[in-house]
Amino acid sequence: MQELQHLKGVTWMSGNNGEKKTYYRLVPCPSYDVEGIESWLEDMAEEGLFLTSDGFFFGFGFFHKGEPKKVKYRLQAKSSHGSFVSDGYEPLKEEMELSRELGWEFVVSHGEFFIYRSIEENVRELNSEPEVQAITLKEVKKRQLSSITTCLIWFILYPLVKKNGAFFVPMLYMKTWFYFFTAGLAFWFVFGSVWKFVYYTKLYKKLKRGEQLNREKNWKRKAWLQPAKTILLIVLCCAWGGIVLANIHRTVLFEDEIPLENYFGNPPFATMADIAPGSSYELRDMGYCNTVVEWSDVLAPVNYIWEEIAEVWISEDRSVYGLWDINYHELRWPWMAKLVAKDYMRMDKERDFEIIGELDLGIEYAMAYIDDIHMEKVVLVHGNKVLSGTFHEYAGEQENYFTLEEWAQMMADSIK
């Protein structure tokens, strides 16, 4: 498309290479503020800055410099149809040709609107009647409402109706502050969608009443607010992305995992070395397991992920060779420990575990079950402590040294 074919007589300021120089301006209005965007673009044109086909990006508008002109800009609500091209949505070819015949040129797509402009003083409006404008805006309202509904389903209704969903355990593993940081960004977008729908509703009612849009809106009054919000959002999103990449990097390189052979801490729960203190003890399969991750959180000052495969010799001809997999948390409040325990049960329920039943271990709560790969598991709660543990003994032709109840009792005694 020939850019600015109707803006005859406009001379561009060029760089040394003869190319048009691009100027950037922070957009002082939200993308949905029809009156504000139109007024702002017309004021920019009077200063000699004309919107380019690059449009807007990250809160900035892209302009070319030329001779100051009075240019009319109009935001036309997108209909439900359109053709997808490499640089975004644009009107159908027939619509652009009709607009051109009326004296309007399509510039760029912006949010839910197509932006047109004209330098003809007495140009006919694209949609001269407010009622007609209201019809196209109604489609935008419907799409916005659909977007809000989708957001509410995913962020609010889905976690409530999903019986096997977990809330507190992911929070502890993500770190509480980052969990709420992520949730805050998500709700920022949800709130923005709701606010946009409210604006569209007000504008729709105004047009339905037959009132004309205010194309001399004083956008300068709060010109600082939208750029401030845009810059803040960009900073927060960049920070969020940086944290995610850093965490992925740490996870891929296993930076948080400490090999058990190099760990000299004292975990607050029983390990395989406690089966027979002082006996010969040897770690197995170092390349796969035998690591510990230890961290602190606002809601849970003490957290462990303990993965151990080892062999303990309890006599010259008898050893216990098995897997010890522990997730342990010390919460700030006992009521939260119960919720975390329920989360672990829900998470394992998605793997079709079979409940063995509650165990009487002298603690507040103890549930035993077998998971989908037939490993025996327990979830224990005592005060503010939660332990979700798996024990599997590779006994071969021998009988298991531990029964499930004996192993669970050993774990329960260690967290009392």
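FYI, it's all coordinate maths here, none of it is from the lab. Note that the coordinates shown come from a computational prediction; the quantities given were computed from them, not determined experimentally. Counting neighbours? That spans all protein chains shown, and the Cβs are built from the backbone with ideal geometry, glycine included.
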If the chain between Phe181 and Glu354 were fully stretched, how many nm would it gain, using 0.36 nm times the residue separation less the Cα-Cα distance?
-> 58.7 nm
Of the listed links Lys69/Lys206; Lys65/Lys202; Lys65/Lys217; Lys69/Lys141, those spanning more than 28 angstrom between alpha carbons are Lys69/Lys206; Lys65/Lys202; Lys69/Lys141
Estimated vicinal HN-Hα couplings, Hz - the range 30-46 in sequence order (Karplus 6.51, -1.76, 1.60; Gly, Pro = x) = x, 4, 8, 7, 4, 5, x, 5, 4, 5, 5, 4, 5, 5, 4, 4, 5
Once the piece of chain linking Asp371 and Ser53 is laid out straight, how much longer is it, given 0.36 nm per residue of separation minus the C-alpha distance between them?
-> 108.7 nm
Under a straight-distance cross-link criterion of Cα-Cα below 24 Å, which lysines are reachable from Lys342, leaving out those fewer than 8 residues away in the same chain?
-> Lys162, Lys163, Lys175, Lys377, Lys385, Lys416
Which whole-Hz ³J(HN,Hα) couplings does the range 262-271 yield from phi under the Karplus relation 6.51 cos²θ - 1.76 cosθ + 1.60, θ = phi - 60°, glycine and proline marked x?
-> 9, 9, 10, x, 10, x, x, 8, 6, 10
Note: Cys238 to Met410 extended length (0.36 nm per residue) minus current alpha-carbon separation gives 57.2 nm
Size of charge dipole - the range 130-252 - debye, nearest 20, with Cβ of Lys, Arg +1 and Asp, Glu -1, no other charges = 420 debye
Tell me the label-point distance for the pair Asn266, Leu225, using the 7 Å Cα-to-Cβ offset, in nm and rounded to one decimal.
-> 5.9 nm
Going toward the positive end of the dipole of the chain, with +1 on Lys and Arg Cβ and -1 on Asp and Glu Cβ, which of Leu51, Gly362, Met347 do you reach last?
-> Leu51
When the Cα centres of the range 282-351 and the range 107-149 are compared, how far apart do they sit, in Å?
-> 58 Å
Quick one: dipole size for the range 258-415, taken about the Cα centre, charges +1 on Lys/Arg Cβ and -1 on Asp/Glu Cβ, in debye to the nearest 20.
-> 740 debye
What is the distance, in nm, between label points placed 7 Å from the Cα along the Cα-to-Cβ direction at Glu120 and at Ala246?
-> 5.8 nm
Helix-derived [θ] at 222 nm for the chain: sum -39500 (n - 2.57) over DSSP H runs of at least 4, divide by residue count, nearest 500?
-> -11500 deg cm²/dmol
Candidates (i) 20.8; (ii) 22.0; (iii) 26.9; which is the computed Kirkwood radius over Cα pairs in Å?
-> (iii)
If you plug each phi of the range 316-322 into the Karplus form 6.51 cos²θ - 1.76 cosθ + 1.60 with θ = phi - 60°, what whole-Hz ³J(HN,Hα) values come out, in order, with x for Gly and Pro?
-> 5, 10, 9, 9, 10, 10, x
Dipole magnitude of the chain, debye to nearest 20 (Cβ charges: Lys/Arg +1, Asp/Glu -1, about Cα centre) = 3680 debye
In the chain, with Lys and Arg counted as +1 and Asp and Glu as -1 at Cβ, which of these residues, Tyr73, Ile326, Gln212, has the Cα nearest the positive end of the dipole, that is, farthest along it?
-> Gln212
Measure off 7 Å from each Cα along the Cα-to-Cβ vector at Val298 and Glu255, then give the distance between these two points in nanometres to one decimal.
-> 2.3 nm
